[in-house]
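The values are calculated or read from the model by the stated rules, or taken from the named source; none is laboratory data. Since we're looking at a predicted model, the values are computed, not measured. Methodologically, a virtual Cβ is constructed for each residue, glycine included, from the backbone with ideal geometry; neighbour enumeration extends over all protein chains shown.
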Amino acid sequence: MRLKDNDNDSEVEGSLNWAWAVNSNLNGAATMLLDGRPPFGYDLEVMEIQAPGDLLCQPSMETVTIRFINRGASPFTDPELSYSADNTNWVNEVWSGTINPGDTFTYVFTSQVNLYSDPYYRDIKLFARISDPQDENLFNNLKYKNIPLYGNHTPPVGWNTYSVCDVGVYPNTPVVLSLAEDQSGNIWASFDRGGLAMFNGSVWTVYNTFNSGITADDISSGSIVCSGPDSIWIGHWSHGISIFNGSVWTNLNPGNSPLPCNNINGILKASDGTFWFATSCALVNYDGSASWTIYNTGNSSLPGDYILALAEDQ
């Protein structure tokens, strides 16, 4: 048998009949390199943790649901199923019945998990396991998922706090990168790979690639400019500049404008009404209409082409 070493592109001779390889994309599970051989006689696998979901807001007692499969060549009867929050206090239950080869089942635990949380935010790891004395493959019996919890937190007097539960952006994008206020007093916030949100004092409105014409959700830090009524300019990490007029999104990029690259690190509207763009390849000035000026180390005294931030003095 020849085993491939992905780290150094070498092959190793061996007399093993099978080998194991951990695949990080499977979130803690493992895959078997069968090298053309038949499956194990007895092999149970936890496929996924279906509940709780990927985000919990003010959690308390939550239902745990898992999906599992018999990947072996022989049936199983009455396997034990277990779960644990943060690998402590395991709860064990028995699934009653026979699982034939290739069968998949969904199991809802009768015992709920207590995820009540006082802190404003914390992550937990929820583990699920299936076990049977006959199982010959112990590398795919365990699975876990990271779940962000936004707890039953009371903010200090005089403070209001807003989480992804309040705003409605993607649960895995809680980091706020930029803030800006428009002329109507609305607050605009960008989220790390989570798009843009506008707060009018009572309601949040989210703009992302799923519900609007925004080009991409990767809005960079320091890259929101409220230019005027119904004129919001945002910069993307790798998708140029997007402009929102209140109803329609347009995009500036190297394919449709003199913008030299798509990597925007910052946007500034100067007192003369022109726009400055900090990019990864140059400093750019744009009058908002047709005039573009590109500054780089080749045509100016700039010490470098990678521009991180912008500011205007008096």
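Among the candidates GLY246, GLY240, the residue that is farther than 22 Å from PHE199 by Cα and either in contact with a helix residue (DSSP H, G or I) (Cβ under 8 Å, 6 or more places away or on another chain) or modelled with pLDDT under 95 (or both) is uniquely GLY240. Where strands (runs of 3 or more DSSP E) sit wholly within the range 249-296, those with at least 1 residues that are hydroxyl-bearing (Ser, Thr, Tyr) occupy 249-252, 275-279, 283-286, 292-295. Restricting to the range 229-248, what's the tally of residues that are part of a loop (DSSP other than H, G, I, E, B) and among the small types (Gly, Ala, Ser)? Number satisfying all stated conditions: 4. Within the range 26-76, the set of residues being within 22 Å of THR106 (Cα to Cα), modelled with pLDDT under 80 and of a type outside the set (A, V, I, L, M) comprises ASN27, GLY28, THR31, ASP54. CYS226 passes every criterion in (1) of a type in the set (A, V, I, L, M, F, W, C); (2) assigned to a loop (DSSP other than H, G, I, E, B); (3) touching a residue at least 40 places away in the same chain (Cβ under 8 Å); (4) under 26 Å from ASN200 (Cβ atoms) apart from (2). Tell me whether the range 135-156 contains one or more residues that are of a type in the set (Gly, Ala, Ser) and more than 30 Å from ASP43 (Cα to Cα). Looking through the range 135-156, at least one residue is of a type in the set (Gly, Ala, Ser) and more than 30 Å from ASP43 (Cα to Cα).
Of all the residues that make up the range 134-150, how many are part of a loop (DSSP other than H, G, I, E, B) and either charged (D, E, K, R) or closer than 14 Å to ASN92 by Cβ (or both)?
Matching residues across the range 134-150 total 3.
Of the strands (runs of 3 or more DSSP E) entirely within the range 33-106, none holds at least 3 residues that are not assigned by TED's automatic domain parsing to the domain that holds ASN141. Being charged (D, E, K, R), without any contact (Cβ under 8 Å) to a residue 40 or more places away in the chain and assigned to a loop (DSSP other than H, G, I, E, B) is a description that applies to ASP118. Residue count for the range 174-212, restricted to those that are among the β-branched types (Val, Ile, Thr) and out of contact with any strand residue (DSSP E or B) (no Cβ under 8 Å at 6 or more places or on another chain): 1.
Pairs are defined by a Cβ separation below 7 Å, a sequence spacing of at least 6 or placement on different chains, a first member in the range 174-201 that is on the phi < 0 side of the Ramachandran plot and part of a loop (DSSP other than H, G, I, E, B), and a second member that is crowded, with 17+ Cβ neighbours inside 10 Å and charged (D, E, K, R); the pairs so defined are VAL175/ASP192; GLY194/ASP217.
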